Every structure is written in C-alpha cells, then in structure tokens.
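Report on the structure given below.
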Amino acid sequence: MSKILIINAAKQFAHSEGKLNTLLSEFARDALASAGHSVKTTAVDGDYDLEEEVGKYLWADSVIYQMPAWWMEAPWILKKYVDEVFTAGYGKFYKDDGRTRSDASKKYGSGGMLQGKTYMLSVTWNAPLEAFTDPSQFFEGRGVDAVYFPFHKANQFIGMSPLPTFMCNDVMKAPDIENDIIRYREHLMKVFS
C-alpha cells in the first residue's frame with residue numbers, strides 16, 4: 001500500500017467555518033488508513049515545522065490537497081504553505097528549473113526531483129458543477145483543473161504528477177454532504193486502489 005500525505009487547507013474566514021474541508025480531510029485519512037495505506041496529515045492553518053513538512057513530502061508517495069475555493073483559487077494559507085515548504089525543499093524537491101547550457105533539450109520545469117510521486121486536488125466550491133462544464137457559464141466550460149492551472153504547475157515543477165481531481169459543488173446554496181462523502185469514498189478507492 002502507499003504512503004499518503006493529506007494537506008488540510010481549511011480555515012475559518014468570514015462566513016466560512018472550514019468545517020467541510022476538515023471533515024473531508026478526516027474522512028480521507030480514515031478511509032485510506034482503513035484500506036491499508038499509511039497516512040500523515042498537516043493542517044496548514046496552524047504551526048508547522050518546515051523541515052518536518054519537507055520530510056513528509058519526501059516520505060509520501062502521494063499528496064492530497066484538501067481545500068476550499070477562495071476567489072477562484074487555492075486559499076492564501078495553502079499558497080503560503082506551498083511557498084514556504086517548496087522553498088525549504090530546495091535541493092530535495094528541485095535544484096534548478098531543469099535547463100542547462102550544455103543540453104538544449106532540457107526544458108524549463110523539468111528539474112523536479114520528486115519524480116514518481118503524485119498529487120491530488122480535493123476542492124470544495126459554492127459554484128454548481130455546470131458553472132465549470134457549460135461553455136455558456138462562468139468558467140466557459142474549461143473545467144475545474146483549468147482554474148487550478150498555476151497550482152498544478154507548481155506541483156509539476158517539483159516533479160509530481162497529477163491524479164484526478166475531486167470536487168464538491170454547491171456546498172453553501174445546495175449542500176449534499178452525504179452524497180459528497182459517498183462520491184469521495186468511491187473516488188479515493190478508485191484512485192488509490
């Protein structure tokens with residue numbers, strides 16, 4: 001079985017209490033551990049030790065980022081965490097951008113040292129699913145992963161490969177947490193089988 005790191009980016013902010021993302025983080029931890037995986041967790045809205053976090057990435061086969069959508073992207077606490085941990089991982093996650101003067105075939109973004117590791121986004125949105133899939137709606141049919149393009153690229157820069165994204169929709173206006181949990185279990189068991 002694999003080693004999985006779950007990054008919980010829940011945060012109480014304005015009208016959001018962060019409870020859903022904490023629930024999903026804890027659910028994933030328990031479901032994956034019950035399936036025989038080794039699981040470690042980090043809650044980014046608190047104190048964390050940078051070297052310990054670097055060690056968790058080196059330990060993990062896969063990283064799950066559990067996050068709410070804030071203003072069309074990852075919350076700032078997760079961006080801060082990634083900035084700090086990835087930078088602390090210099091020499092372990094990456095040593096350069098991949099290019100060299102002696103080999104023009106090596107392109108920008110090919111210097112990641114975490115090859116063979118994967119990451120997965122699990123995101124919560126108030127937007128309904130059709131806002132992402134319908135070309136006439138807000139996200140122009142581009143899908144949720146287009147919204148997270150920079151976040152994907154940051155993880156790919158250090159060498160990790162993406163797993164299919166999981167998304168809960170309409171979490172404030174029409175929540176269906178019971179079915180979201182059922183869908184999440186199915187997603188986790190399929191992705192980490």
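The values are calculated or read from the model by the stated rules, or taken from the named source; none is laboratory data. Predicted model only: the values in this text are computed from it and were never measured. Virtual Cβ from ideal backbone geometry, glycine too; neighbours counted across all protein chains shown. With ligands, DNA and RNA removed, areas are computed over all heavy atoms of the protein, side chains included. Shrake-Rupley method; radii C 1.70, N 1.55, O 1.52, S 1.80 Å.
Of all the residues in the range 144-167, those that are under 14 Å from Gln66 (Cβ atoms), aromatic (Phe, Trp, Tyr) and either assigned to a loop (DSSP other than H, G, I, E, B) or open to solvent by 30 Å² or more (accessible area, probe 1.4 Å) (or both) number 1.
If the requirement is being of a type in the set (Lys, Arg), more than 13 Å from the chain's Cα centre (by Cα), open to solvent by 30 Å² or more (accessible area, probe 1.4 Å) and farther than 22 Å from His152 by Cα, which of these qualifies: Lys11, Lys19, Lys40?
Lys19
Of all the residues in the range 173-185, those that are open to solvent by 40 Å² or more (accessible area, probe 1.4 Å) and in a helix (DSSP H, G or I) number 6. For the range 59-94, taking the residues that are assigned to a strand (DSSP E or B), of a type in the set (Ser, Thr, Tyr) and touching a residue at least 24 places away in the same chain (Cβ under 8 Å), the one that is nearest to Gly116 (Cα to Cα) is identified as Ser62. Can you find even one residue in the range 129-139 that is surrounded by 12 or more Cβ atoms within 10 Å (Cβ to Cβ), under 30 Å from Leu50 (Cα atoms) and in contact (Cβ under 8 Å) with a residue 40 or more places away in the chain? Within the range 129-139, none of the residues are surrounded by 12 or more Cβ atoms within 10 Å (Cβ to Cβ), under 30 Å from Leu50 (Cα atoms) and in contact (Cβ under 8 Å) with a residue 40 or more places away in the chain. Every condition in (1) farther than 14 Å from Ser62 by Cβ; (2) assigned to a strand (DSSP E or B) holds for Asp170 except the one numbered (2).
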